[in-house]
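Chemist: After the structure tokens below, expect a handful of questions from me.
The values are calculated or read from the model by the stated rules, or taken from the named source; none is laboratory data. Quick caveat, the model's predicted, so the values are computed rather than measured. Note: ideal-geometry Cβ built from the backbone for every residue, glycine included; neighbour counts use all protein chains shown.
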């Protein structure tokens with residue numbers, strides 16, 4: 001699906017900061033940034049990625065912080081009521 005199709009279907013650009021523990025040093029935390037188009041508030045794509053992480057990656061998850069953009073809607077645009085040119 002293209003980006004426009006995703007927007008029409010309600011997907012938003014989503015960024016997640018994933019904090020995880022280093023496998024050999026569990027007291028140390030590392031950060032990983034994940035970004036993709038996803039559906040808020042359930043975030044199925046992020047949840048798939050986190051499930052993959054828990055199955056395949058040795059670093060145990062500590063926390064996940066998520067930010068998502070709003071859809072671009074017609075109310076975000078307005079027309080100028082007056083246009084002037086000065087010389």
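Chemist: For segment 28-57, what are the residues that are over 22 Å from residue 2 (Cβ atoms), at pLDDT 95 or above, under 13 Å from the mean Cα position of the chain (by Cα) and surrounded by fewer than 11 Cβ atoms within 10 Å (Cβ to Cβ)?
Modeler: 33 - this is the single residue of segment 28-57 that is over 22 Å from residue 2 (Cβ atoms), at pLDDT 95 or above, under 13 Å from the mean Cα position of the chain (by Cα) and surrounded by fewer than 11 Cβ atoms within 10 Å (Cβ to Cβ).
Chemist: Okay, moving on. Return the residue satisfying two criteria in turn: it lies in segment 58-87 and is out of contact with any strand residue (DSSP E or B) (no Cβ under 8 Å at 6 or more places or on another chain) and either in a helix (DSSP H, G or I) or modelled with pLDDT of 95 or more (or both), and of such residues it is nearest to residue 26 (Cα to Cα).
Modeler: 76
Chemist: Return yes when residue 6 is at pLDDT below 95, surrounded by 13 or more Cβ atoms within 10 Å (Cβ to Cβ) and assigned to a helix (DSSP H, G or I) and no when it is not.
Modeler: Yes; evaluated as a whole, the condition is true for this residue.
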